[in-house]
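First the structure, in the form of structure tokens, and then the observations on it.
The values are calculated or read from the model by the stated rules, or taken from the named source; none is laboratory data. As the structure is a computational prediction, the values presented were derived from the model and not from experiment. When we count neighbours, we look across all protein chains shown, and the Cβ atoms used for this are built from the backbone with ideal geometry, even at glycine. Please note that ligands, DNA and RNA were not included when accessible areas were found on the heavy atoms of the full protein model with its side chains. Shrake-Rupley method; radii C 1.70, N 1.55, O 1.52, S 1.80 Å.
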Amino acid sequence: MVTVSWDKKMVVWDLETGHVLWKTKLGGLLTSCSCSADGRLLVCAAEPQSAVYICSASSGQTLHHISNHHRSTITQCRFDPQSPRVASVSADKSIKLWDLQAQKATVSISSNHGNVISACCFSSNGHFLCTASWDKSLKLWDLQGGQFRSQGGTTLQRGHEGSVSCCVLSADAGLLASGSYDRTVALWDPSSLSRTLVLKGHSDWVTDVSLSADGKLVASASKDGSVRLWDVENMENIPEVMQRKRAEGAGVHILQCEECGKPFPVSRLLTSDLLTRCVFCRLRAPPTYRPQPPPVT
């Protein structure tokens with residue numbers, strides 16, 4: 001386990017013994033950390049320099065140090081699970097992808113979030129990045145297709161009533177969980193970009209959420225001093241979810257994506273001739289519309 005703190009220290013622990021394997025002191029208050037998919041590298045963000053440190057997981061040695069990476073506090077940094085790059089989000093409302101091989105930021109997005117971006121998470125294939133913001137919304141970014149450069153992020157509908165503090169995607173990208181200052185945990189269906197269920201029980205704002213590897217359990221931590229474990233394996237049988245689906249059923253078709261084969265909901269106002277692929281496959285495809293220049297007068 002890796003922990004970082006405002007005491008400027010990164011500490012690596014052996015969970016079997018509880019002993020510290022190594023610790024190192026870096027130049028600033030450490031606000032976030034993440035481990036690469038292969039377990040060889042660690043990344044952390046530091047203030048007040050808006051800096052990013054890439055360290056060896058075996059020794060803590062600093063391999064890369066990027067100063068002034070953002071214009072304001074870096075709220076979270078995450079390794080891409082499939083590529084040698086690090087995503088970071090910030091209070092400056094921007095998203096950056098720093099390439100470890102090129103040793104430079106290869107993607108910089110001035111997001112269309114209206115407030116601080118508080119958190120981010122990758123899908124397991126690295127194609128999509130989800131961002132959470134104090135503007136009470138979550139957005140999905142297609143990093144492979146690149147349409148975000150002209151269209152921005154895709155907003156998830158029916159958001160939280162308070163600022164969103166955290167988000168996490170399941171391994172198969174079929175479930176998204178988010179926590180908020182409204183003291184709730186929300187579960188989302190990324191394929192339909194809609195909220196499935198709201199979990200209530202915390203008495204103060206939710207600071208972090210996590211999903212089990214099989215997607216059957218959600219863990220949430222809160223400023224109320226508690227950690228809650230939610231069983232969402234049989235979520236489809238919860239009366240609230242069933243009622244919502246019945247209410248939406250009159251206006252919704254369930255279609256099968258012709259590209260990936262997964263089922264996805266679509267309004268009855270649209271036919272299968274017009275819409276035959278789920279949102280993820282549509283986002284990956286290049287846009288068919290090409291804007292034409294104005295006529296010469």
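List of remarks:
- Meets criteria (within 20 Å of the chain's Cα centre (by Cα), part of a strand (DSSP E or B) and over 23 Å from VAL164 (Cβ atoms)) for ALA87: no
- Flag if SER220 is assigned to a loop (DSSP other than H, G, I, E, B) and not acidic (Asp, Glu): no
- Of all the numbered requirements in (1) open to solvent by less than 50 Å² (accessible area, probe 1.4 Å); (2) in a loop (DSSP other than H, G, I, E, B); (3) over 21 Å from ALA91 (Cα atoms), THR24 misses one, and that requirement is (2).
- Filtered residues of segment 114-147 (kept if among the small types (Gly, Ala, Ser), at pLDDT 90 or above and surrounded by fewer than 18 Cβ atoms within 10 Å (Cβ to Cβ)): GLY114
- Residue tally, condition in contact with a strand residue (DSSP E or B) (Cβ under 7 Å, 6 or more places away or on another chain), open to solvent by 20 Å² or more (accessible area, probe 1.4 Å) and not polar (S, T, N, Q), over segment 153-166: 2
- Applying the criterion of being touching a residue at least 24 places away in the same chain (Cβ under 8 Å) and outside any strand (DSSP E or B) to the residues of segment 90-113, the residue that is surrounded by the fewest Cβ atoms within 10 Å (Cβ to Cβ) is GLN103.
- Test: residue in segment 164-181 that is outside any loop (DSSP other than H, G, I, E, B), touching a residue at least 40 places away in the same chain (Cβ under 8 Å) and in contact with a helix residue (DSSP H, G or I) (Cβ under 9 Å, 6 or more places away or on another chain): no
- Of all positions in segment 57-70, none carries a residue that is within 30 Å of GLU161 (Cα to Cα) and in a strand (DSSP E or B).
- Of the residues making up segment 38-75, those that are among the small types (Gly, Ala, Ser) and surrounded by 15 or more Cβ atoms within 10 Å (Cβ to Cβ) are ALA45, ALA46, SER50, ALA51, ALA57, GLY60.
- Any hit, segment 133-155, residues being part of a strand (DSSP E or B) and more than 15 Å from the chain's Cα centre (by Cα): no
- Residue check for LEU42: more than 30 Å from SER150 (Cβ to Cβ), in contact with a Cys (Cβ under 9 Å, 6 or more places away or on another chain) and either at pLDDT below 95 or of a type in the set (A, V, I, L, M) (or both): yes
- Segment 167-219, subset of a type in the set (Ser, Thr, Tyr) and open to solvent by 20 Å² or more (accessible area, probe 1.4 Å), residue farthest from TRP141 (Cα to Cα): SER203
- Counting only residues that are assigned to a strand (DSSP E or B) and within 28 Å of the chain's Cα centre (by Cα), segment 1-21 holds 8 of them.
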